[in-house]
Structures are given as structure tokens and as C-alpha cells.
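In what follows, a single structure is set out as C-alpha cells and then discussed.
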Amino acid sequence: MKKLMIGNEAVARGLYEGGINLVSSYPGTPSTEITEFLSKYDDIYSEWAPNEKVAMEVAFGASLAGKRSACCMKHVGLNVAADPLFTLSYTGVTGGLVVCVADDPAMHSSQNEQDSRHYAIASKVPMLEPADSAEALAFAKSAFALSEQFDTPVLFRMCTRMAHSQSIVETGDREDFEGIAYEKKPWKYIMTPGNAIKRHPYVEERTKKLTELAENCEYNRVEMGGTELGIITSGTCYQYVKEVFGDSVSILKLGMINPLPVNLIKDFAAKVDRLVIVEELDPIIETHCNNIGVKAEGKSLFSNLGEFSQQTVREVLLGEKPETVSADSPVPVRPPVMCSGCPHRGMFYTLAKNKVTVLGDIGCYTLGSAPPLDALDSTLCMGASVSGIHGFNKASDNCGHTVCVIGDSTFMHSGVTGLINIAYNMSNSTVIVLDNSITGMTGHQQNPTTGYNIKGDPAGKINLEALCRSVGINRVRVVDPYNLEECDKAVKEELAADEPSVIISRRPCVLLKYVKTGKPLKVNSDKCKSCKRCMKLGCPSLSFKDGKAFVDPTLCVGCGVCPQLCPFGAIESEVEE
Amino acid sequence: MAVSVMIVGVGGQGSLLASKLLGNILTAEGYDVKVSEVHGMSQRGGSVVTYVKYDKEKVYSPIITAGEADYIISFEKLEAARYASFLKSDGKIIVNTQQIDPMPVIIGAAAYPENILDELTSKGVYVDGLDALSLAEEAGSSKAVNIVLMGRLAKYLGIGYDEWTAAIEATVKPKFVELNKKAFDLGYNY
């Protein structure tokens, strides 16, 4: 059946058709939908794990048990899962194991634009990269057999454009994979130095065999056209090159991007007058060409930064710039904002008002850094707020005026280990868990604190209060972020306390379907004295019109936070009128 | 040469449903189709853009760059101006004349440009403006702005009316079919 599919759905379909038995992942844009689509198949097991390291180890366990498995993550998630990856390269697999990793050039929704291909090289694991949804399906389907044939995990690289672009695919049947009977193999699976020292030569030998495969395989292909210019490329960049040049140049399109072929590249280079590498982010293919003595132009022409497009290729290789029309008036930027009724807003307002130093974390609440709240001082990586505040407090005399904020899902991911450090090494730190009862930023995935699993069925529920107390935090309190007085009191008291504390700021994300929102509020313009105090909230429903505060009735959900700020009682609910 | 359609607006306005509808119709019509959108951070009230490209021949790049768009469907005035440079010289902008202030305007750090659509028109840009919000409310829900605009686009694309209504029936939940068909008609017959 022909169907329009985003790349991520096509990967999911490919893994499904390839006989996958288990998937375990942690959500992360732009990888999330692979696992979400897999969870719709009832004949496989799917789950959200607390973090990527756990997810990869779960997939490892399934592989050890002889089943085909996968784990999916964004590029920075692979940093978290790097530990199992590097030794999985040594143990190899029983059932095929595919690790999907989605890079985010241009950082549409990420804190850096690292290039995951480095991991494939460093861990000596093969990596595939499709260029459209049809290839995503085909490559993913074949990846399990590749994994089993070469006794290795397979990295499957996506990037934002691939992951979230739809193109037409033809679906096929699911391969019937019975599984491989479990057999104890300590020499292969117990990576003591004595065993690992014997596995390392296997890994080196495997890379040689995979390189031979790369010379002549379904993943790599040469499209000969004009020979004045030859281009080596992969992934979405292939589409940009084709859009600009069609069949007028020769292209070596790589679908297996680690290990890279040697003779295939040398032969291709010999057939063209000029060789150019078109690759986003780091010069991986170019460096390989240099290493094998093939002269090619790459990053001397193209940037290491951001995403490319057909326009990038056109400008760099043809010197063509488009003719465009635009308005002369400056167009103000439209950054993303915390939603109307977002439960994080009340807590951020409280922190901003108290001029507290705030170490932040990864999630929707990073938006607390934007004006007018300006309520964050740092955002590094998942969990770093909790570990960071401990170091900050140990090293500075600002103790007593610093908090950290972390979401429920991020706390489960890697915040709790930082809290254990606070309890163990005894810093007087104040940790605020912004518990909106969902993984928000990535589009509402369940997590260990929500009480539901990936399919929305009831599941185990981690009690945050009990967890924090059990590691040794005595002061644990819960506040409602819609209640500004309660927030203010909690923050002041916990900062003043002479022992570590956790404030759980709890209210479900306003976008959750089960959350009942209120009626829009209204400004009584007779009472409004134009003091603009309400504008300090940064609520998209609130603006100033004709010198008075104005509530947009199409956006306001009646959360009731702004009336608490108004000294004149000018923001009213309809009921009171 | 592929036909390039950009759908731009503010996160939460329903541009993903619009592009889904359009993509499904074009696929059913036998075109090669690519649709590209960015999920994640931009959903939170930020500027959002979706690219739809189709051709009887193969479509390669999933994205649209400066000077390439045949149509820009904008869910909001300012967003039309933001992406105007993506338009071909003979391209057309279909725009909902609604104004949604971005945060820098709300907090007084920037001004919302006045008469921005007239400014584009004065530069020779084809601008078809309609109050899609009022039309959507007339159809029964302010959320149907996306379908009103798809109705307007359908008029230009020359793909049959019946195909569109069939796609609406196949894409939206049964209880919203009538509302959406009405919204589509209001845009189509505007």
C-alpha cells in the first residue's frame, strides 16, 4: 500500500517489518515518533524507559534473549547511552539490535548540534543513513539481518529533516522472526578484561569485513552523470544535490556511513574531474577521503554549522542567489513561549520576583529563560541542574539564594542521582521539581511518575515525595504553582532552611486532555490603572490595548494567576460579574 | 518543476492538520509528494512552517528555500511578512488577516508593523487576504481557520472540490466533518 509517511514512521514500519520484538526508548526530538509509531503495533513490546542508557540496556537484554530489539534517542541521548554502546560493540548481539539516533542540525529543538557519526567511528559500529522515507523503511527492515550477520549493534542515523519529512512509501509484510534460543556464552557476554581482550580483535576484524561490504552493497550506489563534477553525499543532502543538478553530475550516494568504502570512493574519484563532498555538520566523509589519499573539497566550501538546503548547494557550487521580495518594516521575532495556563509560569514568576539564581534543566521550562521572566541562569543537559546546584553551593557563598528547577520526567531521567549526591555529600541545596505529570516538550509522553505506560494503560507509579525522602531529604513539600502566595512562602522558607530540601511544584500540563480549563478572564477597564504588573508574567493571553490590560478570550484558560498580581482587582472572572 | 506550497503560522493554529489533508489529497491524485515540518520547541506559540511539494515527476528536496514558493498560506499577518522572501516572483500569498502579537510585542520590546500586508502589495506581491477567523467562527469553531484557508487554496490549486471533501471525511473525526466541510466551503467560495 502506498502511503505518505514521516521518516520516523517509516523507520518504525521498517523495524516492524524486520521482525522487531521489543523497543525501549526515551523521548527526544526529533526521534520520538519512531517509538510512538512502534507502540501502535500490538504484537511487539514497547516502553518508555527512564533514560537512554536504561533503554539501550533493555534492548541489549532482549538481544541476549535472542529477540530483535531497538532503542531510539536523540543525538544527545546517545551521550547518555554511550557507555553500553561502546561495550556492546565488543559483545555483539544474539538477536539483531538497532540503535536509532536522530541528529538535529540547526538545533530546532536541542542544546547542541553534535554529529552522531563520530560515535559510529569511535565505537566501531556500522551506521546506516537513509535519504527519504522509502529508504528509511528499507534500511530499517534490513538492519536486523546486518546486525546478526556481523554480530554487532547497528546505528541508524536520522536527522531532523529526514525524521519529520513525509514522502511516499510502499509497506510490506512483517518478517516472521522466531528468535534465537538462549545459550550461555560467557566468553562473548562477560566483558572482564580477560574476555574483552579477545573480543577487541574481533571488532577490528569485523570493521574490515564491513568495509568490504561497503564497497559493494545495497546501501551505497553510484549515479553516473556528467563527469566534470562528482559529488559524494548522504542523507537529506543527497536530495538537495539532486534538486539542483538532477542527472547532470555524478553522485556517490552513501547509505552506509560507517565504515566508509575505500575502493568505491577511489574508483568514483578517478572518473570525475572535480570531487566535492556535501555533508552537514562535521567533515566525516571528507576526512576519510583525506585518509585514503583522495583529493576532495568539502568544508573549504560548505559550513560545519546548521542545516543545508538546495539553496546552499546552488549558492556554493553555482554561485546563484535567488531574487526575493520582502517587507521593509522590521518583522518582530516570534519565539516559542510557555502556553496560557502553563503551570510552570507561577513558579518562575515567584523565582524572578525573589531574584533567585536558578540552575535550569531540559524541558518546556527552559522557556522560563525568556523575557519578561528571565528566570534562568543555566541550562546544560538532562539532570545537570540538580548536580550543578550542589557544586555551585559548595563552591560559592551564594548558598541560600540559589535553587534548581527540573521537570518530573527529567528528574526521573538523571536528576535523582544528583539528588542522591546532595544528600550524601550534604549541600544545603533547594531542588524544585516542576511536576506537570507528563513529558511535555517532546509532545506528551508518559514517564515513571505518571502512572501510565506508553500505551496509556495503568502502570507502576513512582511517588516523588517518597523517593526524595528515601534518599535522605527530610524537607519535602508540595505546592500548587497556580497559588503564588504558597509558592513564595515555600521558596523563602526552603531557602532559609539549613538543610537540603525539595519543593514539588505540582499541577498537570494544561494541554493534557483530562485537564479541565476555566473560562477566559476579563479586564475591568474601569479598575485597571495600567500599572502593567500583570505583564511580568509573560502570558501570551495578556497584552496592552489602548493603554489598558487586555485578555485574549481565544487564548485565556482562566488559570487565575494574573488576578493574584493585580493590586486593583481589575482582572475578573465572568462568574463574578 | 514541483509546485511548492508553504503553510506558515503560529504554533497551535492547526497547520499540521492542514498539511496532512493537502498531502493526502495530492498522494491520492497520483503525485509524488514531500511534506516537511518541524516538531518540538516551535509548537509552543512560536513561528511554525510546513513545506508541501508535489510533482508528476520525482520530488527531491523536502524543503522550500528563498524565491521558490508558488503559494504561501499564512495563518497570521506577521507570518506572511516573515516568509515573503520565500515567494517566487509570480507566487501568491493567501493570508488570514488575524493579528496575533508575539511576545516581544506583548512586552513592549518590539512593535507590530502597521499595514504590513499593504506594504507587501505595494512591492508587487500578490496578497489574497481574508478574515479566516470570522469565517471559521461562522462555520462553528475558531479552530477551523486551517480548513477555511485550505478551502481558499483549493480554489487556486485546481484540484477538484469533491476530492477535498472526500479527504476531509477521511481525515477528521466524524463529529467534526460537517463543521469542517462548512469551513472549507466558506474559504472556497469566499
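The values are calculated or read from the model by the stated rules, or taken from the named source; none is laboratory data. Here the structure is a predicted model, which is why all the values come from computation and not from measurement. Every residue, glycine as well, gets a Cβ built from its backbone with ideal geometry; the counts of neighbours run over all protein chains shown. Please note that ligands, DNA and RNA were not included when accessible areas were found on the heavy atoms of the full protein model with its side chains. Shrake-Rupley method; radii C 1.70, N 1.55, O 1.52, S 1.80 Å.
Brief remarks on what is shown
- Relative contact order of the range A:1-81, defined on C-alpha pairs under 8 angstrom at six or more residues apart (%): 36
- Relative contact order [Cα under 8 Å, 6+ residues apart], chain B, whole percent: 20
- Between helix A:52-64 and chain A there is an angle of about 40 degrees, using the helix long axis and the longest principal axis of the Cα atoms.
- If R0 equals 30 Å, the separation of the Cβ atoms of B:SER142 and A:LYS353 corresponds to a calculated FRET efficiency of about 0.30.
- Across peptide A:305-311, the average count of Cβ atoms from other chains found within 10 Å of a residue's Cβ is 3.
- Loop-resident sites, the range A:272-359, for trypsin sites (Lys or Arg not before Pro), counting at most 14 other Cβ within 10 Å (DSSP): A:LYS295, A:LYS299, A:LYS355
- Placing +1 on the Cβ of every Lys and Arg and -1 on the Cβ of every Asp and Glu, with nothing else charged, gives the protein assembly as shown a dipole about its Cα centre of roughly 1260 debye.
- B:THR171 sits among other residues whose Cβ lies under 13 Å from its own Cβ, and their net charge, with Lys and Arg +1 and Asp and Glu -1, is +1.
- Taking the C-alpha atoms only, the angle from helix A:484-496 to the longest principal axis of chain A is near 80 degrees.
- DSSP beta bridges fully contained in the range A:2-215 are about 20 percent antiparallel.
- Cα-projected label distance for A:LYS299 with A:GLU204, points at 7 Å along beta-carbon direction, nm: 2.7
- Magnitude of the charge dipole, the range A:521-576, Cβ model with Lys/Arg +1 and Asp/Glu -1, debye to 20: 320
- Mean-position separation - Cα centroids, the range B:1-52 and the range A:312-346, in angstrom: 16
- Sites A:ASP273 and A:ALA145, calculated FRET efficiency, Cβ-Cβ separation with R0 30 Å, nearest 0.05: 0.20
- Peptide A:160-166 is shielded by partner chain Cβ atoms: per residue, an average of 6 of them sit within 10 Å of its Cβ.
- Normalised per residue, the accessible area of chain A is 40 Å², obtained with a 1.4 Å probe and no contribution from ligands, DNA or RNA.
- Size of the B/A contact, given as accessible area buried on both chains, probe 1.4 Å, in Å²: 4600
- Inter-part distance where the range A:484-530 and the range B:87-146 are each reduced to a Cα centre, Å: 34
- Projecting label points 7 angstrom from Cα along Cα→Cβ for A:ILE197 and A:GLU218 puts them 4.1 nm apart.
- DSSP beta bridge pairing in the range A:344-506, given as percent antiparallel to the nearest 5: 10
- Of the trypsin sites (Lys or Arg not before Pro) in the range A:137-178, those whose Cβ has at most 12 other Cβ within 10 Å and which sit in DSSP loop: none
- Within the range A:372-391, backbone nitrogen closer than 17 Å to the virtual label 7 Å beyond the Cα of A:ASN425 toward Cβ: A:381, A:383-391
- Linear extension gain, A:ASN112 paired with A:ALA395, 0.36 nm per residue minus alpha-carbon span: 99.2 nm
- Interface residues in the range A:235-251 - accessible area drops by 30 Å² or more relative to the isolated chain, probe 1.4 Å: A:GLN239, A:LYS242, A:GLU243
- Cross-link check: pairs A:LYS124/A:LYS188; B:LYS143/B:LYS181; A:LYS299/B:LYS88; A:LYS2/A:LYS53 evaluated at a Cα-Cα cut-off of 25 Å; pairs beyond the cut-off: A:LYS299/B:LYS88; A:LYS2/A:LYS53.
- A protection proxy built from the mean count of other Cβ atoms within 10 Å ranks the segments A:277-288, A:234-245, B:150-161, most packed first, as A:234-245, A:277-288, B:150-161.
- Prolate/oblate/rounded label for the range A:121-270 (Cα gyration tensor, a/c 1.5): oblate
- Across peptide B:81-93, the mean count of Cβ atoms from other chains lying within 10 Å of each residue's own Cβ comes to 3.
- Extension gain from A:SER573 to A:HIS444, taking 0.36 nm per residue of separation minus the Cα-Cα distance: 43.5 nm
- Selection from A:THR192, A:ILE277, A:ILE20, by position along the positive dipole direction of the protein assembly as shown (Cβ): A:THR192
- Each of A:THR227 and A:LYS461 was given a label point 7 Å from its Cα along the Cα-to-Cβ line. The distance between the two points is 7.1 nm.
- Shape category assigned to the protein assembly as shown from the gyration tensor of Cα positions, a/c cut at 1.5: oblate
- For chain B, the 222 nm mean residue ellipticity estimated from helices alone, with every DSSP H stretch of n ≥ 4 adding -39500 (n - 2.57) and the total spread over all residues, rounds to -11500 deg cm²/dmol.
- Only Lys, Arg, Asp and Glu carry charge here, each on its Cβ (+1 for the first two, -1 for the last two); on that basis the range A:344-506 has a dipole of about 180 debye about its Cα centre.
- With every protein chain in place, the protein assembly as shown: carbon and sulfur % of accessible area (1.4 Å): 52
- Pairs of Lys in the range A:344-506 closer than 16 Å at Cα, counting only those 8 or more apart or on different chains: 4
- Sequence-separation-based contact order of the range A:344-506, relative, with Cα cut under 8 Å and 6+ spacing, percent: 23
- Among beta bridges from DSSP that stay inside the protein assembly as shown, the antiparallel ones total about 35%.
- Maximal additional length on extending the A:LYS266-A:LYS519 stretch stands at 84.2 nm, based on 0.36 nm per residue less the C-alpha distance.
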